[in-house]
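Here's the structure, in structure tokens; my notes come after.
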Amino acid sequence: MGKNKKQKSHLPLRLNILFFIIFLLFSGLILQLGVVQILFGMDAQEELDRTERVTSATPVPRGKMYDRNGELVVDNKAEFAITYTPKKHVQPEDNVEIAEKLAEYIEMDTEPVTKRNKQDYWIINNKKEAYERLTEEEKELSDQDQYYVMLEKITDDELEDFSEQELEVMAIKRELDKAYELTPHIIQYEDITVEEYMRIGENLHELPGINVTTDWERDYLFGSTFASYIGRITSQQQGIPQDEDQYFLARNYSRNDRVGRSGIENEYELYLNGNKEIKEHITDSSGTVIDSNTIREGQRGKDLILSVDMELQQRVDKIVQEEVKAAVQKHPGKNRWFRHAVIVLMNPKTGEVLATSGQQYNPSETGEDEFTDVSHKVLYDTYLPGSTVKGATVLAGLDSGVIRPGEVITDRPIRIANGPRKKSWRDLGPVNDIDAIKRSSNVYMFFIAMRMGGENNYYYNKSSINYNPEAYTKMSNYYKQFGLGAKTGIDFPYEENMNIDTADAGELQDMAIGQFGNYTAMQLAQYISTIANDGYRMKPYLVKQIHNSSQGEKLGPLYKVNEPTILNKIEMKDTYLKRVQEGMRRVFQESGGTGYTHFGDAEYNPAGKTGTAEAFYWDNETKTLHDDVNNYNLVGYAPFDEPEIAFAVMAPYLGTGDYPVHHRIGRRALDTYFDLKEERLKGSNEDDSEEESEEDQSEEE
């Protein structure tokens, strides 16, 4: 009994010691918590309470384009899209992990993967090895400098050892890395199948930041028609052009925003782009979004009303194609260098461009006709204009006083110091200023040039003639009043303009007949429009109006109108201009006029001027210059007494004029314009009659 009692007496003592130790431990813990609360509680609470406000901008669809009659030309079509919205402080390793998961659901083109993408990926997957390659001295460098050294130490063999699956992960990560924090970034929108779209949507819980949505893509409803002028936009992968990044970034663009890269898309970028949706996000210290508020609703870009009539444009394109093809096929030998022609139609009183076409014929051995739209050549390429510019030459002569209204000069060959004989297409005999235009006298223009240069006593084969070089500047300034040798001012990113600083006496004579100094078709169209518009040179334009966007199909409120702009009024007597206008009327409407055969029976009272220029063609394949070609050109307007359309046609490098392609294009284009006008007027009257009939019937009932 006594022994048992002794053993029991030790148990409480051990428990007491154990309880005492536990008590001390808890007391120390409570004391530590108290110290933390008292000394660091405020800092800890501030860390928990710390938030950050971040804004994000989400792009919106671009504005649409309509032709002058309200026909939709450029729209936006919905496309499946996969987006990535990274939270704050995302690390490269995070994007690799997401890319690896996403690669299970989509395919990504690996072509854009760069050497740097491969190097970054290798380091992420081999951090320890990459660091161990650094020397002790290199380990003392900054983190950034260390990274650059690591990149240099990766061998080419290591970069060639990636599987196709790993390259695809790199391609996806490359897109993920472009995303700005808290801002949706499209990583793929092309060729996404419904199956891919649904699979990703079902597994979003495994893909942080990834979402499936719809994006927009430009829809050019008329295909290649007028495409050179509408232009194109960059892809999201291309983003803003590097050489213009400061311009766009200063206007709140992101580097991966799609922008107009050419044509009207580029010229009117700031209108078409629209206003992004702006959101403010509140994030906690870990970068997690805890609240979001919309600061500004997104608004689609503004819509454009073009000056162009797309139905007329399509018909004119077809006319040019048919006539170019006919000229080549009827004379394949002589016209072996001829492949394209261009035409511009515009309203001479307003400057509105109604249609502009350039079509290149590409003969095929299979017999299938192939055409390339080269409408940009209307603004980009210059050609010798030939006699089309004689109206400007006569006006220069009249205003400078070197010829008098009605003055007669005998058209016969001239020669200077045993040089080459210069003459008209045939000896025309006595002609006055109006006849010189009607019958296209070169000699009359030569005399104007010689007199402006200071030669007032010319006779055949004179040993030398007086010449003041300032005459060329004076003649050039006259031409520029019509837009010849001056930029037209069209609302387009680029137009060519050729300027020559000096010319000798012979070159001034050549200039007077369109054999010295090249011009674009648009410059010729502005020139003839200025004559048709009683001397007022109008700025040509492609966009008539800009409208705010709307939610429905109808146009939104009017935002801006591109009013007709007078660039200048030619500085000479109106009576002089009337004489040139009359000469051009006779070209088309009187027997003996150089365009009478082709326009004499036209009912819309046309006027104009023909022009043939001796040209040269450089064959780049054989490195040979050919001088057996001519440029066949034509300018005109109608009706003569109240002009509403002016045009310019240029058909370069023809070997023969036996098939008058320039006349046929010009005549058919004018016929088409007036036919289309009549068709629409007739249709409008029929619609009005039907409405009146319905109203009468309703009243009777």
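Please work out the Cα center distance from the range 647-681 to the range 183-225, rounded to the nearest Å. The range 647-681 and the range 183-225 have Cα centres spaced 46 Å from each other. Based on the reciprocal of the average 1/r between different C-alpha atoms, the Kirkwood radius for the chain equals 31.6 Å. Amide H contacts of Asn76: Asp219, each under 5 Å away and 5 or more positions distant or on a separate chain (H built 1.01 Å from N in the peptide plane; Pro and chain starts excluded). Positive end of the dipole of the range 450-521 (Cβ unit charges, origin at the Cα centre): among Tyr458, Asn499, Ser476, the Cα lying farthest that way belongs to Tyr458.
Only the Cβ atoms of Lys and Arg (+1) and of Asp and Glu (-1) were treated as charged; on that basis the dipole of the range 313-681 about its Cα centre amounts to roughly 820 debye.
Phi-derived couplings, Karplus 6.51 cos²θ - 1.76 cosθ + 1.60 at θ = phi - 60°, listed residue by residue for the range 194-202: 4, 5, 4, 4, 6, 4, 5, x, 6 Hz, with x used for Gly and Pro.
Peptide packing: for 492-499, 480-487, 436-443, the average count of neighbouring Cβ atoms within 10 Å per residue gives the ranking 436-443, 480-487, 492-499, highest mean first.
Within the same chain, lysines fewer than 8 places from Lys318 are excluded, and of the rest, those with a Cα less than 19 Å from its Cα are Lys330, Lys377, Lys677. Around the Cα centre of the chain, unit charges on the Cβ atoms of Lys, Arg, Asp and Glu (plus for the first two, minus for the last two) sum to a dipole of about 2560 debye.
Projecting the Cα atoms of Tyr197, Gln119, Val580 onto the charge dipole of the chain (Cβ charges, centred on the Cα centre) puts Val580 farthest toward the positive pole.
If you fit an axis through the alpha-carbon atoms of helix 470-481 and take the longest principal axis of the Cα set of the chain, what angle between them do you get, 0 to 90°, nearest 10? Around 70 degrees separate the two axes. Rounded to the nearest whole Hz, the Karplus-based 3J(HN,Hα) values (6.51 cos²θ - 1.76 cosθ + 1.60, θ = phi - 60°) of the range 209-225 follow the sequence x, 7, 8, 10, 8, 10, 10, 10, 9, 5, 10, 8, 6, 9, x, 7, 5, with x at glycine and proline. The residues packed around Asn466, meaning those with a beta-carbon under 12 Å from its beta-carbon, carry a net charge of +1 if Lys and Arg are +1 and Asp and Glu are -1.
Relative to the dominant Cα principal axis of the chain, helix 390-400 is inclined by about 70°. Most tightly packed first, judged by the mean number of other beta-carbon atoms within 10 Å of their residues, the peptides 97-108, 444-455, 610-621 read 444-455, 97-108, 610-621.
Per-residue Karplus couplings for the range 370-384, computed as 6.51 cos²θ - 1.76 cosθ + 1.60 with θ equal to phi - 60°, are listed in order as 10, 10, 10, 6, 10, 4, 4, 4, 4, 10, 9, 10, 10, 9, 5 Hz, Gly and Pro entered as x. Rounded to the nearest 20, the size of the Cβ-charge dipole of the range 89-236 about its Cα centre is 620 debye, with Lys and Arg at +1 and Asp and Glu at -1. In this structure the amide hydrogen of Ser550, modeled in the peptide plane, comes within under 5 Å of the amide hydrogens of Gly556, none closer than 5 places in sequence on its chain.
Under 5 Å between amide hydrogens, built in the peptide plane, is the criterion, and for Asn568 it picks out Arg537 among residues at least 5 positions away or on other chains. Ellipsoid fit via the Cα gyration tensor, the range 313-681: semi-axes of 34, 26, 20 Å, each the root of five times an eigenvalue, largest first.
Here the range 70-132 and the range 532-586 have alpha carbon centers that stand 50 Å from each other. For the range 377-430 and the range 464-519, what is the separation of their C-alpha centers, rounded to whole Å? With the range 377-430 and the range 464-519 each reduced to a Cα centre, they are spaced 14 Å. Given the chain, what percent of its DSSP beta bridges are antiparallel, to the nearest 5? If I count the DSSP bridges inside the chain, around 95 percent turn out antiparallel. Here the residues His662, His89, His376, ranked from fewest to most Cβ neighbours within 10 Å of their Cβ, fall in the order His89, His376, His662.
Bear in mind these aren't lab numbers, they're just calculated from the coordinates by the rules spelled out. These numbers were taken from a predicted model, which means no experiment stands behind them. Positions of Cβ are generated from backbone atoms using ideal geometry, with glycine treated the same way; all protein chains shown enter the neighbour counts.
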